[in-house]
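Student: Attaching a single structure in structure tokens format; questions to follow.
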Amino acid sequence: MTRDESIIELGAWLETAPGRYLLEWEQQQLDLAVADAFGFHALQLGQPGIAALRANRMPHRWIASEAAEPADLRCDFDALPFGQHSIDLVVLPHALELAHDPHRTLREVERVLVPEGRVVITGFNPASLWGLRQRAGRLRQGMGIQRLRGLYLPRAGEFIGYWRLRDWLRLLGFEIEGGRFGCYGPPFESERWLDRFAWMDRVGDRWWPVLGSVYFIAAVKRVRGMRLVGLARPERRKAKAANAVVANREPAELES
């Protein structure tokens, strides 16, 4: 399967009943995460069908794609056409799962982000009911068993575990700001059956919080040794003013 075919397959899957179920949850998380992210430049990597930046108010927003999708930019995610420290917010909705090299893609994201810039990532959770169904389907395909149901999720890409991704981000100097799981329903293909098990979403966060089929992570780029110069200048001026007052008091004491 080529790169373009993989991305097209994921886009088509998002139009299915489980895909719409997933998108509804993800859109809520993305809207909340990007609404309060301030700056001038925001970038979405992959999946133009997901309006990841719709709630953001930055004046310059781009959608980049690695494939023949309708997007603002066509580029490789491990070689972004932006300068160092030039982007305030980067959102990756399922982009790492289809990236040529997820490690290099994250390093590029770290490179282009300004200090204190934010990254937001969504991905499939391999440690979930959907993930188990996907692995079982791949195992059956590997054994040549065709009469049973095949894959539930798109074929392409490697699903990266939530805790594994947190470790990658920390190694790059990011501070995890928040994370959440969602879509706890079983891997049904019918909207009717997904609706019947909607109660699992209401109790999932409490009873099995890390077993949601999709996860969301928000992190901030921290830079060691940074000093806020803008706050230090008033302190220096204040110190000079205090010294001048003390010096002016000495002559008055001598005259008395």
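Student: Go through (1) open to solvent by 30 Å² or more (accessible area, probe 1.4 Å); (2) in a loop (DSSP other than H, G, I, E, B); (3) among the aromatic types (Phe, Trp, Tyr) for Phe77 and report which single condition fails.
Tutor: So the condition that Phe77 fails would be (1).
Student: Take the range 17-31 and flag every residue that is surrounded by 14 or more Cβ atoms within 10 Å (Cβ to Cβ) and either of a type outside the set (D, E, K, R) or touching a Leu at 6+ places or on another chain (Cβ under 7 Å) (or both).
Tutor: Of all residues in the range 17-31, those surrounded by 14 or more Cβ atoms within 10 Å (Cβ to Cβ) come to 17-19, 21-23, 25-27, 29-31.
Answer for the range 17-31, where residues must be surrounded by 14 or more Cβ atoms within 10 Å (Cβ to Cβ) and either of a type outside the set (D, E, K, R) or touching a Leu at 6+ places or on another chain (Cβ under 7 Å) (or both): Ala17, Pro18, Gly19, Tyr21, Leu22, Leu23, Trp25, Gln27, Gln29, Leu30.
Student: Would you please name the residue that is farthest from Leu194 (Cα to Cα), looking only at residues in the range 32-45 that are open to solvent by 10 Å² or more (accessible area, probe 1.4 Å) and without any contact (Cβ under 8 Å) to a residue 60 or more places away in the chain?
Tutor: Result: Phe40.
Student: Considering only residues that are part of a loop (DSSP other than H, G, I, E, B), in contact (Cβ under 8 Å) with a residue 24 or more places away in the chain and either open to solvent by less than 10 Å² (accessible area, probe 1.4 Å) or among the small types (Gly, Ala, Ser) (or both), which ones fall in the range 48-74?
Tutor: Once the filter is applied, which keeps residues that are part of a loop (DSSP other than H, G, I, E, B), in contact (Cβ under 8 Å) with a residue 24 or more places away in the chain and either open to solvent by less than 10 Å² (accessible area, probe 1.4 Å) or among the small types (Gly, Ala, Ser) (or both), the range 48-74 yields Gly49, Ile50, Ala51, Ala52, Ala55, Asn56, Met58, Ala67, Ala68.
For (1) small (Gly, Ala, Ser); (2) crowded, with 24+ Cβ neighbours inside 10 Å, each residue gets a yes or a no:
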| residue | (1), (2) |
| --- | --- |
| His85 | no, no |
| Val90 | no, yes |
| His103 | no, no |
| Arg107 | no, no |
| Arg111 | no, no |
| Gly117 | yes, yes |
| Ile121 | no, yes |
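The values are calculated or read from the model by the stated rules, or taken from the named source; none is laboratory data. Here the structure is a predicted model, which is why all the values come from computation and not from measurement. Methodologically, a virtual Cβ is constructed for each residue, glycine included, from the backbone with ideal geometry; neighbour enumeration extends over all protein chains shown. Ligands, DNA and RNA are stripped out before the accessible areas are found, and what is left, the full protein with its side chains, is counted by its heavy atoms. Shrake-Rupley method; radii C 1.70, N 1.55, O 1.52, S 1.80 Å.
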